[in-house]
Amino acid sequence: MSTSTTITAETILRLFPDIDTRSDALEGHDEEQIRLMDEVCIVTDENDLPIGTASKKLCHLMTNIDKGLLHRAFSVFLFNDKNELLLQQRATEKITFPDMWTNTCCSHPLNLANETGSTLPDAIAGVKNAARRKLDHELGIKQEQVPFEDFRFLTRIHYKAPSDGKWGEHEIDYILFIKANPEVNANLNEVRDTQWVSAEKLKEMFRDPSLKFTPWFKLICESMLFEWWASLDNGLEKYTDEQEIRRML
């Protein structure tokens, strides 16, 4: 199938009749992480319009990604009152990008009533709800510590990245900033380690060849993160609510 084929709500079933559902792709992986692969993600076209749903597993198999399958995601950047960013190191048990350092929380809105949306305002509300759910699940950060109204939406990035040849990402990723001082109680099946870092400390980590980082985090850091970070307390509003999708393919 040509990757240039237009995927729409009308054509998705015709374009993906042979969508890869092989169970052997999950053989040998952690049981809880396999269970989470059944979660239902929001499939979109290249303009972020929802056109269907597919399991997390189907969305992350490179055989499907190479056919154009695209889904909605979010990346949370949580800063404390010292403007340090909370990083997480993904657990060894993770099926995609295990043991890699990344931003505070990266996941997907699901096909749930309060996490979907076909207009940008509704979609932003949906990813904020999803972010609060996943901050609790991954890091034990309770929802009252990260109020819905404190999240700031910056922009969306469209990127594609392989993980190990079998798995990968192809996402419209919503970038969310929030300032909070939460209690962190990491779920060790999701998160191997956490660290609060300054901008300079993060740049130092990037210079360490022994550390590995997720591709979306590297893309965001290499493009706009440090500029956004510098404006966290003064001028961030000029970067928020961007309407256009940033293409990083």
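Values as computed for the structure displayed
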quantity: Principal-axis tilt of helix 120-139 within the chain, Cα atoms, nearest 10 degrees; calculated: 70 degrees
quantity: Peptide ranges 138-147, 56-65 listed from the most packed, as the mean C-beta count within 10 angstrom indicates; calculated: 56-65, 138-147
quantity: Cα-centred dipole magnitude for the stretch 198-249, charges only on beta-carbon of K, R (+1) and D, E (-1), debye, nearest 20; calculated: 340 debye
quantity: Only Lys, Arg (+1) and Asp, Glu (-1) charged, at Cβ; the chain dipole about Cα centre in debye; calculated: 280 debye
quantity: Cα-based Rg of the chain normalised by 2.2 N^0.38 Å, two decimals; calculated: 0.97
quantity: Computed P(r) (all Cα pairs; the stretch 67-155; 10 Å bins; percent); calculated: 15, 47, 32, 5, 0
quantity: Accessible area per residue, Å², the chain with all protein chains present, probe 1.4 Å; calculated: 45 Å²
quantity: Unit Cα scatterers, Debye sum, the stretch 42-92: log10 I(q)/I(0) for q = 0.28 Å⁻¹; calculated: -1.04
quantity: For Val191, residues with placed amide H under 5 Å, excluding near neighbours; calculated: Ala91
quantity: Among Ser163, Leu139, His108 - extreme Cα towards positive end, dipole of the chain, charges at beta-carbon; calculated: Ser163
quantity: Mean Cβ count within 10 Å, highest first, over the residues of peptides 163-176, 219-232; calculated: 163-176, 219-232
quantity: ³J(HN,Hα) computed for each position of the stretch 165-181 - Karplus, 6.51 cos²θ - 1.76 cosθ + 1.60, integer Hz, glycine/proline x; calculated: x, 8, 10, x, 10, 8, 9, 9, 9, 7, 9, 10, 10, 8, 9, 6, 10
quantity: Percent accessible area from carbon and sulfur atoms, the chain, protein chains only, probe 1.4 Å; calculated: 47 percent
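The values are calculated or read from the model by the stated rules, or taken from the named source; none is laboratory data. The model shown is predicted, which means the values in this text are computed figures rather than measured ones. Cβ atoms come from the backbone with ideal geometry, glycine included; neighbour counts cover every protein chain shown. What goes into the accessible areas is simple: the full protein's heavy atoms, side chains included, and nothing from ligands, DNA or RNA. Shrake-Rupley method; radii C 1.70, N 1.55, O 1.52, S 1.80 Å.
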